[in-house]
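**Q** I have a structure here, written as structure tokens, and I will follow up with some questions on it.
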């Protein structure tokens, strides 16, 4: 049996693949050399998971890797091109980012309810100004995305006494934690009742642009919007207008349609908007966690066992049953 060839689409720092020594031949590529090296690879590790290079290179000549792993929760940078390759399995980093992202969202909710930004600014100005802040317990949140990350966010909010409506692709009338899982058809009604609207949905043709002027117009003036899903879920100009006209009270974005966010973007200067650079799931040691997850799955690959976190290429995510 020939030695397995693992091709790594590089990003710094590189993954620590010492466990593959003597078991696989590891080669490296960048965006310029990826297409030429794909035919020789059995496995592709898309370590640079923010790159679109795989989609550009995939339709080329020659064989393609039988397994593609992206160390990210979303797989939108691989589809739809890879969906037409029935012999190629895609896996993702499902499970690694659940708790970190939930903690980040919880921090945003508390920061906005308790006006930490205002407190810091007043401290910077050496001004003593008493204010009243909002109680989080007893408020209501709509969490759009019912996968592991969305559920972990929901659990964190429930622990604060927040009522949670979970929205997913498929309705479920009996959920042990949330009572019911709603469908996106119910989203306009749910956001009208929510104090917090959190988007963590996978990016699909159906979810792109779901938060537009019409959706923001349905929200309460006291509502806050948080996006930790994908930037393409939001029509950014519509969000800017909603904040400038006080249609909603505030928002926080960790993801954007264009990343890095250009210095000339309108978003930087919008009052009530908190911007972070796509970091909500990145805690100390996260790259090591991602490497270990890939290596554990490689053990299964080598043993001929079913892989963990297999993505349904038509849906664009790992179904709950997997």
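**Q** Quick check on segment 239-261. Is at least one of its residues at pLDDT 95 or above, under 25 Å from residue 189 (Cβ atoms) and exposed (fewer than 13 other Cβ atoms within 10 Å of the Cβ)?
**A** yes
**Q** Determine which single condition residue 271 fails, assuming it passes every other condition in (1) modelled with pLDDT of 95 or more; (2) in a loop (DSSP other than H, G, I, E, B); (3) within 21 Å of the chain's Cα centre (by Cα).
**A** Checking residue 271 against (1) modelled with pLDDT of 95 or more; (2) in a loop (DSSP other than H, G, I, E, B); (3) within 21 Å of the chain's Cα centre (by Cα), the one that fails is (3).
**Q** If you take the residues of segment 52-63 that are over 18 Å from residue 316 (Cβ atoms) and surrounded by 18 or more Cβ atoms within 10 Å (Cβ to Cβ), which of them is nearest to the chain's Cα centre (by Cα)?
**A** Of everything passing the filter in segment 52-63, 53 is nearest to the chain's Cα centre (by Cα).
**Q** In the set 129, 189, which member is modelled with pLDDT of 95 or more, in contact with a helix residue (DSSP H, G or I) (Cβ under 6 Å, 6 or more places away or on another chain) and loosely packed, with under 14 Cβ neighbours inside 10 Å?
**A** 129
**Q** Using the structure shown, decide if residue 272 is surrounded by fewer than 13 Cβ atoms within 10 Å (Cβ to Cβ) and at positive phi.
**A** When the stated conditions are applied, residue 272 does not pass them.
**Q** Name the residue, out of 124, 117, 140, 131, that is more than 15 Å from residue 223 (Cα to Cα) and in contact (Cβ under 8 Å) with a residue 24 or more places away in the chain. Don't jump to the end; show me each part of the working.
**A** Numbers: 124 fails: in contact (Cβ under 8 Å) with a residue 24 or more places away in the chain; 140 fails: more than 15 Å from residue 223 (Cα to Cα); 131 fails: in contact (Cβ under 8 Å) with a residue 24 or more places away in the chain.
Sole residue among the options that is more than 15 Å from residue 223 (Cα to Cα) and in contact (Cβ under 8 Å) with a residue 24 or more places away in the chain: 117.
**Q** Also, quick follow-up: I need the full set of residues from segment 80-95 which are part of a loop (DSSP other than H, G, I, E, B), closer than 12 Å to residue 297 by Cβ and more than 11 Å from the chain's Cα centre (by Cα), in order please.
**A** 92, 95
**Q** Which residue, of 21, 36, is over 27 Å from the mean Cα position of the chain (by Cα), within 21 Å of residue 299 (Cβ to Cβ) and at pLDDT 95 or above?
**A** Numbers: 36 fails: within 21 Å of residue 299 (Cβ to Cβ).
Being over 27 Å from the mean Cα position of the chain (by Cα), within 21 Å of residue 299 (Cβ to Cβ) and at pLDDT 95 or above holds for just one of 21, 36, which is 21.
**Q** Is it the case that residue 105 is outside the structural domain of residue 224 (by TED's automatic domain parsing) and under 23 Å from residue 202 (Cβ atoms)?
**A** no
**Q** Here is a follow-up. How many of the residues making up segment 198-231 are in contact with a helix residue (DSSP H, G or I) (Cβ under 9 Å, 6 or more places away or on another chain), modelled with pLDDT under 95 and within 14 Å of residue 73 (Cα to Cα)?
**A** Result for segment 198-231: 1.
**Q** Moving on. Select from segment 283-322 the residues that are part of a loop (DSSP other than H, G, I, E, B), in contact with a helix residue (DSSP H, G or I) (Cβ under 8 Å, 6 or more places away or on another chain) and either surrounded by 15 or more Cβ atoms within 10 Å (Cβ to Cβ) or modelled with pLDDT under 95 (or both) and list them in ascending order.
**A** 283, 307, 308, 309, 313, 314
**Q** Answer yes if at least one residue in segment 133-143 is assigned to a helix (DSSP H, G or I) and surrounded by 13 or more Cβ atoms within 10 Å (Cβ to Cβ), and no otherwise.
**A** no
**Q** Got a number for residues in segment 1-44 being over 19 Å from residue 295 (Cα atoms), in contact with a helix residue (DSSP H, G or I) (Cβ under 7 Å, 6 or more places away or on another chain) and assigned to a helix (DSSP H, G or I)?
**A** 3
**Q** Just one of the numbered conditions (1) closer than 23 Å to residue 76 by Cβ; (2) in contact with a helix residue (DSSP H, G or I) (Cβ under 8 Å, 6 or more places away or on another chain); (3) assigned by TED's automatic domain parsing to the domain that holds residue 169; (4) modelled with pLDDT of 95 or more is not true of residue 280; which one?
**A** Unmet condition: (3).
**Q** Let me ask something else about it. For segment 51-79, name all the residues that are closer than 23 Å to residue 259 by Cα, touching a residue at least 40 places away in the same chain (Cβ under 8 Å) and in a loop (DSSP other than H, G, I, E, B).
**A** Passing the criteria: 51, 71, 73, 74, 75, 76, 79.
The values are calculated or read from the model by the stated rules, or taken from the named source; none is laboratory data. Worth saying up front: this structure is predicted, and the values here are computed from it rather than measured. Neighbour counts are summed over all protein chains in view; Cβ atoms, including those assigned to glycine, are modelled from backbone coordinates with ideal geometry.
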